[in-house]
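The values are calculated or read from the model by the stated rules, or taken from the named source; none is laboratory data. This one's a predicted model, so the numbers in the text were calculated from it and none came from an experiment. In this analysis, Cβ positions are derived from the backbone assuming ideal geometry, glycine residues included, and neighbour counts consider all displayed protein chains.
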């Protein structure tokens with residue numbers, strides 16, 4: 001027997017279904033919006049503006065992904081904290097030396113498979129810059145803006161001292177001789193310094209490399225190698241010549257780096273090791289300065305060490321736990337394109353990490369020495385920070401050793417033996433923990 005009480009209900013369902021279907025046919029299709037990805041970056045000012053231009057260009061180029069750029073201070077610590085808390089950004093802009101630490105902590109995703117699918121490989125990049133993001137057989141980061149260093153020197157001060165401004169020092173010995181001629185004193189007070197190994201003091205860890213040393217060979221700490229000791233003896237020679245107290249009193253009068261009181265821009269220091277970015281600050285704070293850049297000198301008895309340069313890199317990573325890794329890599333891939341990279345690097349007035357640049361890139365570039373910085377990045381003596389997961393601790397020990405040597409508190413051998421003794425057990429313990437983690 002048929003239950004007639006169901007008919008009204010069935011009829012209502014049919015009417016509703018018909019109305020729903022009719023509305024589907026006549027109403028405009030509601031499409032989901034683009035996937036929104038969060039990108040944390042450290043830059044402010046004109047550097048931040050350059051990356052924002054890249055983000056805007058990417059967002060305009062398609063309608064499936066929208067990048068939200070947020071400026072984050074202390075990004076290396078905050079990204080690690082957010083990742084460990086399970087709420088990281090989709091993309092983070094870190095520093096090159098962060099890569100090993102993050103990879104060892106399993107805080108960043110390998111990008112190797114993404115790169116293979118996108119056709120991105122080492123052949124696309126200046127070798128030293130690709131290598132910074134390649135660690136333990138995996139690609140963990142890709143470049144944004146690169147940097148290499150060179151000797152920046154004041155042509156007018158060289159000329160006033162009777163030195164040829166078109167012939168900068170080529171060896172460490174010549175650098176030392178130039179420094180003595182350029183240094184001016186009023187009694188015991190230094191008024192102008194030719195050169196100081198601790199100015200600006202950002203790379204105190206690196207001087208051993210300029211003399212053929214290393215800080216890590218395989219799995220062995222090499223802080224107290226003969227080459228490193230020789231470098232620290234050279235550092236201490238400046239204290240012996242000019243006096244620790246006199247140098248400290250002289251340096252106490254220096255202003256902030258990014259100001260007209262910067263010692264190089266205020267013509268208190270005639271020669272300085274600085275990076276490709278120095279042009280930006282000279283053009284802003286000392287546009288009339290008569291300056292030039294050249295490869296940093298090498299020891300006369302080590303011509304094989306010619307054209308040494310410190311290289312570093314800002315990088316993009318995808319933190320572990322990112323909600324949209326595929327879309328995040330699409331944005332990273334855009335930055336790696338010639339268009340995206342040159343928009344960024346020209347905006348920050350740096351050279352490109354890519355092997356190929358567009359016609360006119362160098363001609364349009366405002367830095368008159370931009371080709372030099374690119375060429376130095378190709379040098380066989382390009383010096384990156386060691387890829388070591390406890391690099392912050394190692395660097396701190398080397399900075400302390402530098403101060404002890406520079407202030408004549410220890411001999412170079414004593415200071416570096418101390419670093420060796422401190423770091424060796426820390427490094428061995430770190431390696432053991434990594435081995436156990438990988439076994440799990």
Subject >> Test for residue 154: is it under 25 Å from residue 434 (Cβ atoms), surrounded by 20 or more Cβ atoms within 10 Å (Cβ to Cβ) and touching a strand residue (DSSP E or B) at 6+ places or on another chain (Cβ under 8 Å) >> reply: no
Original post:
Out of region 117-136, which residues are in contact (Cβ under 8 Å) with a residue 12 or more places away in the chain, over 12 Å from residue 355 (Cα atoms) and assigned to a loop (DSSP other than H, G, I, E, B)?
Top reply: 120, 133, 136
Original post:
When residues of region 412-440 are filtered for being touching a residue at least 40 places away in the same chain (Cβ under 8 Å) and closer than 27 Å to residue 298 by Cα, how many remain?
Top reply: 7
**OP:** Kindly establish whether residue 51 is at pLDDT 95 or above and within 17 Å of the chain's Cα centre (by Cα).
**Re:** yes
Original post:
Looking at region 137-164, which of its residues are closer than 28 Å to residue 240 by Cβ and touching a residue at least 12 places away in the same chain (Cβ under 8 Å)?
Top reply: 149, 150, 151, 152, 153, 154, 157, 158, 161, 162, 163
**OP:** Determine whether region 426-440 contains at least one residue that is under 18 Å from residue 226 (Cα atoms) and in a helix (DSSP H, G or I).
**Re:** no
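Each row is one residue, and each column tells you yes or no for (1) more than 20 Å from residue 47 (Cβ to Cβ); (2) modelled with pLDDT of 95 or more; (3) in a loop (DSSP other than H, G, I, E, B).
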site	(1), (2), (3)
310	no, yes, no
314	no, yes, no
340	no, yes, no
343	no, yes, no
347	no, yes, no
352	no, yes, yes
356	yes, yes, yes
363	yes, yes, no
373	no, yes, no
**OP:** Provide a single number: the residues in region 159-200 that are assigned to a loop (DSSP other than H, G, I, E, B), exposed (fewer than 14 other Cβ atoms within 10 Å of the Cβ) and at pLDDT 95 or above.
**Re:** 4
Subject >> Test result for residue 265, within 26 Å of the chain's Cα centre (by Cα), without any contact (Cβ under 8 Å) to a residue 40 or more places away in the chain and surrounded by 19 or more Cβ atoms within 10 Å (Cβ to Cβ) >> reply: yes
Subject >> Hits in region 76-101 (condition: without any contact (Cβ under 8 Å) to a residue 60 or more places away in the chain and touching a helix residue (DSSP H, G or I) at 6+ places or on another chain (Cβ under 9 Å)) >> reply: 76, 80
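To keep it simple, each residue is scored yes or no on (1) surrounded by 20 or more Cβ atoms within 10 Å (Cβ to Cβ); (2) in the same structural domain as residue 62 (by TED's automatic domain parsing); (3) at pLDDT 95 or above.
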{"site": "304", "(1), (2), (3)": "no, no, yes"}
{"site": "318", "(1), (2), (3)": "yes, yes, yes"}
{"site": "335", "(1), (2), (3)": "yes, yes, yes"}
{"site": "366", "(1), (2), (3)": "no, yes, yes"}
**OP:** Could you list, in sequence order, all residues of region 201-225 that are outside any loop (DSSP other than H, G, I, E, B) and under 19 Å from the mean Cα position of the chain (by Cα)?
**Re:** 204, 205, 206, 207, 209
